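Heads up: the structure comes next, in structure tokens.
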Amino acid sequence: MRTPILKQGDFLIASLQPALSDEDLEWLRDTLAQQVGRFRSRGVIVDVTLLEVLDSFAIRTLRAIAQTCELRGAETVIVGIQPEVAFSMVRLGLTLPDIATALDVEEGLALLQRRLRRRRQRGG
Amino acid sequence: MSANPSPPSHEPSRANQAALLSELVAHLRERRDELREEWVRRITESNLLTNMSPEEIRAETTSIYDNYVEVLETGSVEALQSYARNLSERIIPRGVETPEVVNIVLLLRDVLARSLLRKYRDDVAKFEEVLDAYEPAANRIANTVATSFVEERERTIRQQQEAIRELSTPVLQVRERLLILPIIGVIDTQRARQLTEQLLRSIRDNRARVVVIDITGVPSVDSKVANHLAQTVEASRLMGATVVVTGLSAEVAQTLVMVGVDLGKINAVGDLQSGIEEAERLLGYRVVRVRDPRSSRKALEDSWEDT
């Protein structure tokens, strides 16, 4: 199932659906990378609220998405990691240390807006 | 029959045994009051159930007696099982102990056996047959009651342990988006795990952005607990919350350094007050005193006088 990608001002929001296949994740990674350039987005939110499990492939792909989008000039936040998922990620040692996280989409948007404001103040 | 100690010929007598049992049950029903009184007398003599009043003993023994006879009659222990659980639930808080319960049931078994002896004393062969029917049933009853009692006790203990665990991990919201998790007492792996789970759930439910974990009340920390702490910090970050750890004592801090926990991720502040102040700073709060507390009290009193 293709993940819907919503454009919201300067940002893109991708809400991951449950039962996502590996191909779907790769599709999302490639598509987000393209759309960041097309819409000149400054931030990306990847919402995983609906996911009850994240396997190591999914976690690695999320990280790849974040790093790719950052290289294309868009800050990336992963939002909505559920308690059980967070706990198992930590136990697996897959903690995404260099990637921003937030509680939900609202918090993620606030975070991106704060960072964007700071960057613009510095003339970025 | 006494001349033949090897298994006697009661194998084909299933129907006979059933007949004996119903004879026995009829006998026990007929002598109900007398036997029950004798049983109570023996209980009192043995100094059992001292925590219960005579009326209570009377009521309980009557229903145990009836249940007992019913099991002898039907052979089904299920009703007795649920009755015994129910009874245990009532008497455990009264301080009744396992040996006491076992003794009481065994007393009833003996009282009934003696009454059977009196009834069949002239016919030893018949008496043995009656005992063959009676003993397995009576033992099964004793077994059932004792097991139910112990199970009920264990259930109570489990429930209390659960309650203690729940109580020992309060997660408190002190400001919008700010949680405090005061940890008191020894942390083992299970408790650490439970603490983490509860904290993560609270982060989601309270939409917390900053969490202060206060470990002033934790006497010692080993490498396992330290790693758990680090994991909790990481998991909270994955959910978008920043963790501030406070109350690390000198000993605990030294242990953490000695065991070489990755301290880079742990945001530690001296005491709980500084922790809350740090959290407020992270959340963008600034607490300022509006006016001198004395004058504000006076203003309050003035406003009372006005009304």
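Values in this text are rule-based calculations from the coordinates and carry no lab data. Note that the structure is predicted; figures quoted are calculated from it, not measured. With ideal geometry, Cβ positions are generated from the backbone for all residues, glycine too; neighbour counts draw on all protein chains shown.
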Given all pairs of different Cα atoms, what value in angstroms does the Kirkwood hydrodynamic radius of region B:15-104 take? 14.2
With an 8 Å cut-off on Cα pairs and a minimum separation of 6 or more residues, tell me the relative contact order of chain B in percent. 13
Any idea what diffusion coefficient chain B gets from Stokes-Einstein, in µm²/s, Kirkwood Rh on alpha carbon pairs, 37 °C, 0.692 mPa s? 128
Going by average Cβ neighbours within 10 Å, how do the peptides B:179-192, A:47-60 rank, with the highest at the top? B:179-192, A:47-60
Once you charge only the Cβ atoms, +1 for Lys and Arg and -1 for Asp and Glu, what is the size of the charge dipole of the protein assembly as shown about its Cα centre, to the nearest 20 debye? 2640
Taking amide H atoms as placed 1.01 Å from N in the peptide plane, list the residues 5 or more away in sequence, or in a different chain, whose amide H sits under 5 Å from that of A:Val44. A:Leu12, A:Glu75, A:Thr76, A:Val77
Determine the sum of side-chain charges near A:Arg2: Lys and Arg each +1, Asp and Glu each -1, restricted to other residues whose C-beta is under 13 angstrom from that of A:Arg2. -3
Estimate the FRET efficiency between B:Gln161 and A:Leu71 by the formula 1/(1 + (r/R0)^6), using the beta-carbon distance for r and 56 Å for R0, to the nearest 0.05. 0.60
In whole Å, what three semi-axes, largest first, describe the equivalent ellipsoid of chain A built from its Cα gyration tensor (square root of 5 times each eigenvalue)? 23, 16, 13
Taking the Cα centre of the protein assembly as shown as the origin and placing charges on Cβ (Lys, Arg +1; Asp, Glu -1), which of A:Ser41, A:Leu25, A:Ile81 is farthest toward the positive end of the dipole? A:Ser41
Using θ = phi - 60° and the Karplus relation 6.51 cos²θ - 1.76 cosθ + 1.60, list the HN-Hα couplings for region B:87-97 in order, rounded to whole Hz, with x at every Gly or Pro. 4, 4, 4, 6, 8, 4, x, 7, x, 7, 9
To test your reading of the geometry: what angle, between 0 and 90 degrees and rounded to tens, separates the Cα axis of helix B:189-206 from the longest principal axis of chain B? 60
For B:237-247, what's the mean count of beta carbons from other chains sitting within 10 Å of each residue's beta carbon? 5
Kirkwood hydrodynamic radius of region A:28-72 from all distinct Cα pairs, in Å? 11.2
The long-range amide H neighbours of B:Ala268, using H built 1.01 Å from N in the peptide plane and a cut-off of under 5 Å, are B:Val245
Using unit Cβ charges (K, R positive; D, E negative) and no other charged atoms, how large, in debye to the nearest 20, is the dipole of region A:48-124 about its Cα centre? 640
Restricting to bridges with both residues inside the protein assembly as shown, how much of the DSSP beta-bridge set is antiparallel, in percent to the nearest 5? 20
Work through the residues other than A:Leu25 whose Cβ is under 15 Å from its Cβ and net out their charges, Lys, Arg +1 and Asp, Glu -1. -3
Please report, to one decimal in angstroms, the Kirkwood hydrodynamic radius of region B:118-199 built from all distinct Cα-Cα pairs. 17.8
Here, region B:25-176 modelled as identical Cα point scatterers in vacuum has Debye log10 I(q)/I(0) at q = 0.11, 0.18, 0.20 Å⁻¹ of -0.49, -1.08, -1.28
Evaluate the Debye formula for region B:133-254 with equal point scatterers sitting on the alpha carbons, no solvent, and hand back log10 of I(q)/I(0) at q = 0.18 Å⁻¹, in q order, two decimals. -0.93
Counted charge near B:Arg118, where neighbours are those whose Cβ lies closer than 14 Å (Asp, Glu -1; Lys, Arg +1): -1
Provide, as a two-decimal number, the C-alpha radius of gyration of the protein assembly as shown over 2.2 N^0.38 Å, N being how many residues it has. 1.62
Over the protein assembly as shown: helical MRE at 222 nm, DSSP H runs n ≥ 4 each giving -39500 (n - 2.57), nearest 500: -20500 deg cm²/dmol
Region B:1-159 - charge dipole about Cα centre, Lys and Arg +1 at Cβ, Asp and Glu -1, debye rounded to 20: 180
Sequence-distant or interchain residues sharing an amide H contact under 5 Å with A:Gln8, placed H: which? A:Ile13
Positive end of the dipole of region B:128-235, charges at C-beta (+1 Lys, Arg; -1 Asp, Glu), about the Cα centre: which of B:Ala137, B:Ala163, B:Thr216 has its Cα farthest in that direction? B:Thr216
If one takes the longest principal axis of the Cα atoms in chain B, at what angle in degrees, from 0 to 90 and to the nearest 10, does the Cα axis of helix B:98-120 lie? 10
Rounded to two decimals, what ratio of Rg to Rh does region B:218-282 give with C-alpha atoms and a Kirkwood Rh? 0.96
Evaluate peptide B:54-64: per residue, the Cβ atoms of other protein chains within 10 Å of its Cβ; return the mean as an integer. 0
